[in-house]
Amino acid sequence: MLILIKVKGKCTTDHISAAGPWLKFRGHLDNISNNLFLTAVNAENDEMNKVIIVVEYWTLFIRLWERISNYKVRNHLTGKYDTASQTTRHYKSDGVAWIAVGDENYGEGSSREHAALEPRHFGGRAIIVKTFLGFTPDDKISIVGLNDFAPSKPLKCILKHVDGKKEEIWLSHSFNAAQIEWFKAGSALNHMKAMKKK
């Protein structure tokens, strides 16, 4: 799996899925997902996808404009920088799995479900948090043991560095048995749908 972004510092729900003008898209997951990691700081370059708020006084509303020259997530397939959402759209269309590495307070804040849905919508496989390990944006990651995924049983993560070296770490999780079934089905809704068919 590719690393989409290693977030530096706090990564609250507002860093994962910014609020404000974006909330008008909350009923359309694909549209609101264009704000994925928009305000998160990328550890690779200490930058975020900068935005400009332009107030048009004659219409009394706020427009959000992205500066095209400030896209700060590297697409590992093309080598070019783009927004996290456009990069993940490319990965998804090519069937490439990716993960995001967080720092502190990942997911803290309001209970905005979009912050949980957006990474999955774009094909994200995992979010790994805490900076106790030297992830780099070029690393490849495998999470081993998902077939035997169980409560309180850590999962093995294998990091493959660009220089060919490998590292293994153990990942703790807080999933209970029901949540693991949801994970395996792709979501709680998918699991309920499958159960209804039985």
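Points worth noting:
- Residue in the stretch 17-28 that is modelled with pLDDT under 85, closer than 18 Å to Tyr106 by Cβ and assigned to a loop (DSSP other than H, G, I, E, B) present: yes
- From the list Lys160, Lys197, Lys130, Lys153, the one residue that fits, being modelled with pLDDT of 90 or more and not β-branched (Val, Ile, Thr), is Lys153.
- Number of the condition not met by Gln179 [criteria: (1) more than 19 Å from Ala116 (Cβ to Cβ); (2) under 23 Å from the mean Cα position of the chain (by Cα)]: (1)
- Identity of the residue in the stretch 150-197, part of a helix (DSSP H, G or I) and in contact (Cβ under 8 Å) with a residue 24 or more places away in the chain, that ends up farthest from Ala100 (Cα to Cα): Ala177
- Leading residue by the ranking (surrounded by the fewest Cβ atoms within 10 Å (Cβ to Cβ)) among those in the stretch 71-128 that are of a type in the set (A, V, I, L, M) and assigned to a loop (DSSP other than H, G, I, E, B): Leu77
- Which numbered condition Arg112 fails, given (1) touching a helix residue (DSSP H, G or I) at 6+ places or on another chain (Cβ under 8 Å); (2) modelled with pLDDT of 80 or more: (2)
The values are calculated or read from the model by the stated rules, or taken from the named source; none is laboratory data. Keep in mind the model is a prediction, meaning the values are calculated, not measured. Neighbour counts are summed over all protein chains in view; Cβ atoms, including those assigned to glycine, are modelled from backbone coordinates with ideal geometry.
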